[in-house]
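The values are calculated or read from the model by the stated rules, or taken from the named source; none is laboratory data. Here the structure is a predicted model, which is why all the values come from computation and not from measurement. Note that we place each Cβ from the backbone using ideal geometry, even for glycine, and neighbour counts take in every protein chain shown. Side chains included, ligands, DNA and RNA excluded: accessible areas come from the protein's heavy atoms. Shrake-Rupley method; radii C 1.70, N 1.55, O 1.52, S 1.80 Å.
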Amino acid sequence: MLVYIDDATSELMHLKMAESESTFAYMDATREYIERHGKPVAFYSDKHSVFRNAKASAARGDGMTHFGPALDALNIEIICANSPQAKGRVERANATLQDRLVKAMRLEGISSIEDANVFLGSYMARHNARFARPAFDVRDLHRPLATHDDLRSIMVWREQRTVTAALTLHYNKVMFILEPTAISKALARKRVTVCEYPDGRLEIEHEGHVLPYRPFDKMRKVHQPAIVENKHLDAALMLAKQMQAIMPHHRKRNNDAPARRDQPLHLFPEPKPPPKIDRRKLGGSKLKRGPRLSDEALRERGTLSFVQRA
């Protein structure tokens, strides 16, 4: 659950249920918050990887994540607290929500994220009427959106890629083939921006122009429907499928790729993990120990002299 609270009054400003606390989930929830209340001066958060890059020295010197440039474009500062105690009111409100909200949804028979998001609006009104407190300064510092502020084009995961001489670029184990238009033909050896939207759309942009493309997934597998529909190539496709099952070209996407559990449709399906092997069953069955032989039986076999006596 993504929670937005006014730290001065403990008032719930926005609640949203999501599959996970991913960058795309926060982008979508922040867009809804700003559309409803306007642009705040700053967001006060914890040190979640969405808000702060813990490996700033290795990746980016400023410690800014992909969520940071979106807030920077809106002139919103993000402040990361050093401890839970620094966010006293927020943490106490979270503890209250984890107790009361779960029980309230259970009484309403809510069991899905979609129903929960519909219910949260009425719950926030009841919660604020009971737990919110008047602020010392009653001024509302939210700012209206400017005419050039397009939230859906700002709340985007952006990465730079270089176009090859063949008008292709690689992103997250997928090769994107640019259509040979007048604009794309001049982009060989130049940088373009890959934009992933929270709803799963992906666009390739250069100086405000959206470039048409065709994706080719390097992790694509040969499936049975492809074999059935291509009867003349069934033998070759079956062989390719068997080879891919034994030696897949790529086993997983990039490690720094965003979590996509909140995207309904996207171009990067994860491969199925290889079946687990119980190594205890790799060898043959264990031999059962027979009955202990007596000294007379060992003497008859001529092996009594090898038995060590304690």
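Report the residues of segment 1-36 in range of a label on R130: point 7 Å along Cα→C-beta, backbone N strictly under 17 Å from it.
Zone members listed by number: 10-13.
Suppose R0 equals 30 Å; then what is the FRET efficiency for A73 and E114 from their Cβ-Cβ distance, rounded to the nearest 0.05?
Working from the Cβ atoms, E equals 0.50.
Stokes-Einstein D for segment 143-206 at 20 °C, 1.002 mPa s, Kirkwood Rh over Cα pairs, in µm²/s?
D, rounded to a whole number, is 164 µm²/s.
Would you mind computing, in nm to one decimal, how far apart the modelled labels at L267 and D7 are, each placed 7 Å from Cα along Cα→Cβ?
Here the answer is 3.9 nm between the modelled labels.
So how do 93-104, 22-33 stack up, highest first, on mean other-Cβ count within 10 Å?
Working: 93-104: 14.7, 22-33: 22.4.
Ranking, from highest mean packing down: 22-33, 93-104.
Order these peptides, 117-130, 134-147, by their mean beta-carbon neighbour count within 10 angstrom, highest first.
Peptide ranking by packing, descending: 117-130, 134-147.
Heavy-atom accessible area per residue, segment 22-173, 1.4 Å probe: how many Å²?
59
Which residues' amide hydrogens lie under 5 Å from the amide hydrogen of H14, considering only partners 5 or more residues apart or on another chain, with H built in the peptide plane?
Distant-sequence amide H within range of H14: Y4.
What part of the accessible area of segment 95-134, given as a whole %, is carbon or sulfur when the probe is 1.4 angstrom?
Whole-percent figure for carbon plus sulfur exposure: 53.
Counting pairs of alpha carbon atoms under 8 Å apart in space and at least six apart in sequence, what relative contact order in percent does segment 87-195 give?
20
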